[in-house]
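The values are calculated or read from the model by the stated rules, or taken from the named source; none is laboratory data. It should be emphasised that the depicted structure is a prediction, and the values quoted were computed from it without experimental measurement. Reconstructed Cβ throughout: ideal geometry from the backbone, glycine too, with neighbour counts over all protein chains shown. SASA here: full protein model, heavy atoms, side chains in, ligands and nucleic acids out. Shrake-Rupley method; radii C 1.70, N 1.55, O 1.52, S 1.80 Å.
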Amino acid sequence: MSRTLISNGYVVTVDGGRNVHPGGYVAIDGARISAVGPAAQAPRPEGFDETIDAGGAIVVPGLINMHQHHWYTLFKGVADGLLLEDWVTDILLPLSLKLDAEAMRVSSAVAGMEMLATGTTCSFNHSVTTTTPELVAASVEPQAELGIRQVYAKELRCRTPGNPRHPLSLDQSLAEFEDEAARWDGAHDGLVRFGMALESNAHWVAAGMSTEELIMRGYELAKRLGLKITTHVSGGTFSLEKGFLKYLRETGRTDVRYLMQLGILDPHWVLIHGIHCTELDIEHMARMGCSFVYTPSSESIRGGGISPFANARRAGVNTALGTDGPMVDYSVDMVEQMKVCTLMQHVRHLDPTRMPVEAALEMATINAARALGLERDIGSLEAGKRADIAIFDLDKPYVGVLHRPLTSFVTAGKGSDVRAVLVDGHVVYRGGKFARLADHRAVIAQAEKIGRAIIERAGLSHRLVPAWRA
């Protein structure tokens, strides 16, 4: 069991006391943190196998991306100028029909590389396609091999009036899901965990893709297995023709109220987006203890709106951050998300106090861990927790003078400033290189080739031209 010492860094623990240690240290024994503290209490380096000098850097818990769709990384840049509803019909559905195991495998590797190279150590990967056991393995294995932590949320779907060609009945889908959960939950020494993607929103139900029986029985299975459930809620444009208002008018209820009416909203649920959530929805979330995930740049690039996350935070809802998949917005940089989170909430409320940078960092670390049910293991730098740690350079010219290092990190730094990333005490990324991957450029080249071929087969080559659009 190796021992590592991170010394001389600006250590932001995000622990219960929100302790910050300028010039502090983090000591690691094997996969877990053994001690954290100020410089005056730092142990001598002689007792460690490796010492990482974090001088000129900020040391934070590994960032946690609470909303990812890994295969979207194959199709960056093809969706400019589309509202969400048009993006779904014109981009998402045609591309999703052309995916195979090779595409899933290569995109998973690239997604893992993108996240590690920007300081993310864990993601909640939300499946939006119908997956077989082969496709699940192709999605999970490459990231485990890179050494990044992942909670893979497999979709629960079945043959329904709106999905008549699905190969499985509800009973068969539930049985297959349980088999996959048994196979993957806790795999790779705990790097892999399992969850459920169960779409319960109004447009899925109205389209017949989800049914009340599917939602209820899926919830009961997730509850029995102790899994988190992720679902998109109250997203899209504020439109009577094809967006949120259309379904609100047809059903007379919001997505959160539907879960309340079914009697199943509880801490198992992780609700995503929530652009149009009402104050009553927020009260329900706070009372029932579910988590709420903000993807600010994704919602902005599609023109959907600004979600009410400052209000949700004030109401006591556990709020976290995610990027969405990089075919909606094109970045999975969680440092960028923290900054955009702060900016957008201040714009929504015309109040520069509503989302301080400290709150944004909590949303990307300890709150996210709590949403996953992993707060005892990750999300803060504390003795006994898993050593998932990101070290970011602060001595860049564009970061500048460091009067308040945390503020400068969130508002002027970039995910690509990451100097080193550790997961379970292993250095998995350092100095632009992946410890478990020899040639990342070859993987990206392969992803570009596969992505372009799928774009052509889906009839979307026109989305790539001209090079400059008027």
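Percent relative contact order of segment 315-470, based on C-alpha pairs within less than 8 angstrom and at least six residues apart?
Details: 161 pairs, mean separation 25.6, N = 156.
Worked out over segment 315-470, it gives 16 percent.
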For Kirkwood radius over Cα pairs in Å the list reads (1) 22.5; (2) 25.5; (3) 27.3; the calculated value is entry (1)
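Rank these by accessible area, largest first, 1.4 Å probe: L350, L95. If you can, show how the numbers build up before the last one.
Numbers: L350 155, L95 0 Å².
So, going from the largest accessible area down, we get L350, L95.
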Expressed as a whole-number percentage, the relative contact order of the chain with C-alpha contacts under 8 angstrom and at least six residues apart is 21
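Determine the equivalent ellipsoid of segment 336-393 by diagonalising the alpha-carbon gyration tensor, then write out the semi-axes as square roots of 5 times the eigenvalues, largest first, rounded to whole Å. Mind dumping the intermediate values first?
Working: eigenvalues 136, 31, 14 Å².
Computed over segment 336-393, the values are 26, 12, 8 Å.
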Starting from a Cα-only point model with no solvent, please compute log10 I(q)/I(0) by Debye for segment 272-431 at q = 0.11, 0.12, 0.14, 0.21 1/Å. -0.46, -0.55, -0.75, -1.47
In whole Å, what is the distance between the alpha-carbon centres of segment 435-463 and segment 126-151? 18
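What number in nm² do you get for segment 1-60 if you take the convex hull of its Cα atoms and divide its surface by four?
Working: hull surface 15.3 nm².
For segment 1-60, the mean projected area of the Cα convex hull comes to 3.8 nm².
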Per residue, how many Å² of accessible area does segment 330-470 show with a 1.4 Å probe? 49
Would you tell me the accessible area of I378, worked out with a 1.4 angstrom probe on the heavy atoms of the protein chains, in Å² to the nearest 10? 10
Given the C-alpha centroids of segment 1-36 and segment 194-210, what is the distance between them in whole angstrom? 41
Sequence neighbours fewer than 8 away in the same chain don't count; with that in mind, list the lysines whose C-alpha is under 17 Å from K98. K76, K449
At the level of C-alpha centres, the distance separating segment 61-84 and segment 317-396, in angstrom, is 16
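Under a 1.4 angstrom probe, counting protein chains only, how are M344, M196 ranked by accessible area, largest first?
Largest to smallest exposure gives the sequence M344, M196.
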What list of whole percents do you get for P(r) of segment 94-189, with Cα-Cα distances grouped in 5 Å bins up to the one holding the largest distance? 2, 12, 22, 23, 18, 12, 6, 3, 0
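Can you give the convex hull volume per residue for the Cα atoms of segment 349-470, as a whole number of Å³? Mind dumping the intermediate values first?
Details: hull volume 29.1 nm³, N = 122.
Expressed per residue, the convex hull around the Cα atoms of segment 349-470 is 239 Å³.
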At a 1.4 Å probe, what is the % contribution of carbon and sulfur to the accessible area of the chain? 53
Looking only at segment 109-138, which residues have a backbone nitrogen under 19 Å from a spot 7 Å from the Cα of A187 in the C-beta direction? 109-113, 122-138
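If you build the convex hull over the alpha carbons only and average its shadow over all orientations, what do you get for segment 136-193? Give it in nm² to one decimal. Spell out each step's value before the answer.
Working: hull surface 16.6 nm².
Hull-based average projected area comes out at 4.2 nm².
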Using only the alpha carbons of segment 234-293, determine the length spanned along each of the three principal axes and report them from longest to shortest in whole angstroms. 33, 22, 18
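Quick one: of the DSSP bridges fully inside the chain, what percent are antiparallel, nearest 5? Kindly include the intermediate steps, with their values, before the conclusion.
Working: 29 of 64 bridges.
DSSP beta bridges in the chain are roughly 45 percent antiparallel.
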For segment 213-323, dividing by residue count, accessible area per residue (probe 1.4 Å) in Å² works out to 35
P(r) for segment 58-126, please, calculated from all Cα pair distances in 10 Å bins and given in %. 18, 43, 31, 7, 1
